[in-house]
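Q: Once you've had a glance at the structure underneath, I'll fire off some questions.
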Amino acid sequence: MITIETNRLLLRNYKVTDFEDILKYFSDEEVSKFEDFYPMSEEQVRNIIAERKDMDNRLVAELKVKQKVIGSVGYWIDDEGHYCIDYDFNPRYCGQGYATEASNALVHFTCN
């Protein structure tokens, strides 16, 4: 299990209890238009959580002051050996630097 703490966020493994928060952004058309998926159904979100709950390279971003999941961040290594980061955030929390904060923390974590 992974836990990475920043000033405002807790990056951690997915939990079944995160369902409602995750559904809010994975089912949002605004989020999906920048991704390779259509807005997800409840069943698809449940499957994503089940798949990712034991993955240490796919984490949720929990807003510490509200104990609310506001996004997801992850990384993988491509065929050329480059590290790649992706993220999805609830549009209500965009423009506040959360994705940058989460990505920077993930980079520092993977480089140490």
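Q: Across the range 24-40, what is the total count of residues that are buried (at least 19 other Cβ atoms within 10 Å of the Cβ) and over 11 Å from residue 72 (Cβ atoms)?
A: From the range 24-40, those buried (at least 19 other Cβ atoms within 10 Å of the Cβ) are 25-26, 31, 40; that's our starting set.
Applying the additional criterion that residues be over 11 Å from residue 72 (Cβ atoms) yields 40.
Of the residues in the range 24-40, 1 are buried (at least 19 other Cβ atoms within 10 Å of the Cβ) and over 11 Å from residue 72 (Cβ atoms).
Q: Let me ask another. Would you point out which residue out of 61, 50 is in contact with a Gly (Cβ under 9 Å, 6 or more places away or on another chain) and of a type in the set (Gly, Ala, Ser)? Lay out the reasoning, then the answer.
A: Numbers: 50 fails: in contact with a Gly (Cβ under 9 Å, 6 or more places away or on another chain).
When all the criteria are applied, what remains is 61.
Q: I'd like the full set of residues that are out of contact with any helix residue (DSSP H, G or I) (no Cβ under 7 Å at 6 or more places or on another chain) and modelled with pLDDT of 95 or more, limited to the range 9-42.
A: Answer for the range 9-42, where residues must be out of contact with any helix residue (DSSP H, G or I) (no Cβ under 7 Å at 6 or more places or on another chain) and modelled with pLDDT of 95 or more: 10, 12, 13, 15, 17, 20, 21.
Q: Right, here's the next one. Return yes when residue 74 is assigned to a loop (DSSP other than H, G, I, E, B) and modelled with pLDDT of 90 or more and no when it is not.
A: Details: assigned to a loop (DSSP other than H, G, I, E, B): no; modelled with pLDDT of 90 or more: yes.
No.
Q: If you scan the range 1-55, which residues turn out to be β-branched (Val, Ile, Thr) and touching a residue at least 40 places away in the same chain (Cβ under 8 Å)? Steps first, please.
A: Taking the range 1-55 and keeping what is β-branched (Val, Ile, Thr), we get 2-4, 6, 16-17, 22, 31, 45, 48-49.
Across the range 1-55, the qualifying residues are 2, 4, 6, 22, 31.
Q: Can you tell me how many residues within the range 84-106 are touching a strand residue (DSSP E or B) at 6+ places or on another chain (Cβ under 8 Å) and not in a helix (DSSP H, G or I)?
A: So the count comes out to 7.
Q: If you don't mind, there's one more thing I want to ask. Answer yes or no: is there a residue in the range 93-107 that is more than 15 Å from the chain's Cα centre (by Cα), over 19 Å from residue 8 (Cα atoms) and surrounded by 11 or more Cβ atoms within 10 Å (Cβ to Cβ). Before you say what the answer is, go through the steps one by one.
A: So the first thing to find is which residues in the range 93-107 are more than 15 Å from the chain's Cα centre (by Cα), and the list is 95-96.
Narrowing further to those that are over 19 Å from residue 8 (Cα atoms): none.
Looking through the range 93-107, none of the residues is more than 15 Å from the chain's Cα centre (by Cα), over 19 Å from residue 8 (Cα atoms) and surrounded by 11 or more Cβ atoms within 10 Å (Cβ to Cβ).
Q: Could you check the range 33-63 and list, in sequence order, the residues that are in a loop (DSSP other than H, G, I, E, B) and farther than 15 Å from residue 14 by Cα? Spell out the reasoning first.
A: So the first thing to find is which residues in the range 33-63 are in a loop (DSSP other than H, G, I, E, B), and the list is 33-41, 53-57.
Residues satisfying the conditions are 33, 34, 35, 36, 37, 38, 39, 40, 41.
The values are calculated or read from the model by the stated rules, or taken from the named source; none is laboratory data. Everything numeric here is computed off the predicted structure, so don't read it as measured data. Neighbour counts run over all protein chains shown; Cβ positions are idealised from the backbone, glycine included.
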